[in-house]
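The values are calculated or read from the model by the stated rules, or taken from the named source; none is laboratory data. All figures in this text were calculated on a predicted structure; none of them were measured in a lab.
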Amino acid sequence: MTAGPPRIGTPLLWSSVSSLGTQALSFLTFAVLARLLGAPAFGLVALAALVIDLLLVISNAGMNEAVTSPRRMRILRSGPISRVDWHSS
């Protein structure tokens, strides 16, 4: 039995639909908020959303590489404080 090339069409489609749906929902939410709130309140909401998005980008930076890394984790316990050491296998 021979294996053909991996099929990426369906996952790529679902990933694109998910991303576009998230962006559309975000745009719709901001449009409704802009209509319901006054200018100063909406500016505060937009600033808070910007800060939250930046913090999410910073907090996720490098997370995929750390999760899929071939390194092994060793937990060292010294009293009440634990430390995680990463070392190559």
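Before moving on, here are some points about what is shown:
- Qualifying residue in the stretch 9-16 (condition: modelled with pLDDT of 65 or more and either aliphatic (A, V, I, L, M) or not in a helix (DSSP H, G or I) (or both)): yes
- When Gly62 is tested against (1) at positive phi; (2) at pLDDT 95 or above, only condition (2) is not met.
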